[in-house]
1. Which value at 222 nm does the chain reach when only helices count, each DSSP H run of 4 or more adding -39,500 (n - 2.57), with the total divided by all residues and rounded to the nearest 500 deg cm²/dmol?
2. Report, in degrees rounded to the nearest 10, the 0 to 90 angle that the Cα long axis of helix 61-74 makes with the longest principal axis of the chain.
3. Taking the Cα-to-Cβ direction at residue 5 and at residue 166 and moving 7 Å from each Cα, how far apart do the two end points lie in nm?
4. Which stretch or stretches of region 7-33 have amide N atoms under 16 Å from the point lying 7 Å from residue 71's Cα along the Cα→Cβ direction?
5. For a quick check: sort 25, 154 by the number of other beta carbons within 10 angstrom, fewest at the front.
6. What is the extension gain from residue 259 to residue 211, computed as 0.36 nm multiplied by their sequence separation minus the C-alpha to C-alpha distance, in nm to one decimal?
7. Taking the alpha-carbon centroid of each part, what is the distance from region 172-214 to region 1-73 in angstrom?
8. Using 0.36 nm per residue of separation minus the Cα-Cα distance, give me the extension gain between residue 187 and residue 101 in nm, one decimal.
């Protein structure tokens, strides 16, 4: 479709995101899937709302649900990249220390990568990819360069870059890796401190908006409805309950996503 082609060309970062997420779709194909899923979601939600309310005003929800679904499904690739980077960063400090110990013990680089691939689930996939490329005949420097381009973790890329640069100039690998590791550890400690500072205000905001306000608001709504003679139907209560669950889910997801991926 011309519209999807124009939209894909206006989003140059999408191709990189799909590559990092290991999604084989083209940007145009990914946008087509996103629009299709959002359309099905909008139809389903609109039919459900219409079934409960029996009102034609339920059709008003269609464009809003479609827009929400399109944004949600579009960000799916970015979520995968962040999730993979998070898993890698959780293992990176210990895996890098293991890498340094192996190299200082005189173990060859290929065997060290193989040991890392068998010892760590997520970091090991990166080094297993390097060894797999080497087994297919790719030089080590080229295999490292290709893996760096496809690695979702910035910190992991720093480690691989130091290995690659050390091999190119013929210098010692372990001192360069140790310097980068010290920097990564300092950054992770700073992230932990910042997370602790943000956690208390976020918890207070969660208590206010997701617990206190809905509880008191629902009680006041029931009392006012009783005084004015307004009948609260089951559909209204279900909508309120669904809205409350959505707010709580969003807050918990926000707190969980802000937690730093640290294993010091």
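We did not get these values from a lab; they are worked out from the coordinates using the rules stated. Worth saying up front: this structure is predicted, and the values here are computed from it rather than measured. Here the Cβ positions follow ideal geometry from the backbone for every residue, glycine too, while neighbour counts run over all protein chains shown.
1. -27000 deg cm²/dmol
2. Taking Cα atoms only, the helix is inclined about 10 degrees.
3. With each label placed 7 Å out from Cα toward Cβ, I get 4.9 nm.
4. Backbone N within reach: none found.
5. Details: 25 15, 154 12.
Fewest to most other Cβ atoms nearby, the residues stand as 154, 25.
6. 15.1 nm
7. Cα centroid to Cα centroid, the span is 33 Å.
8. 28.8 nm
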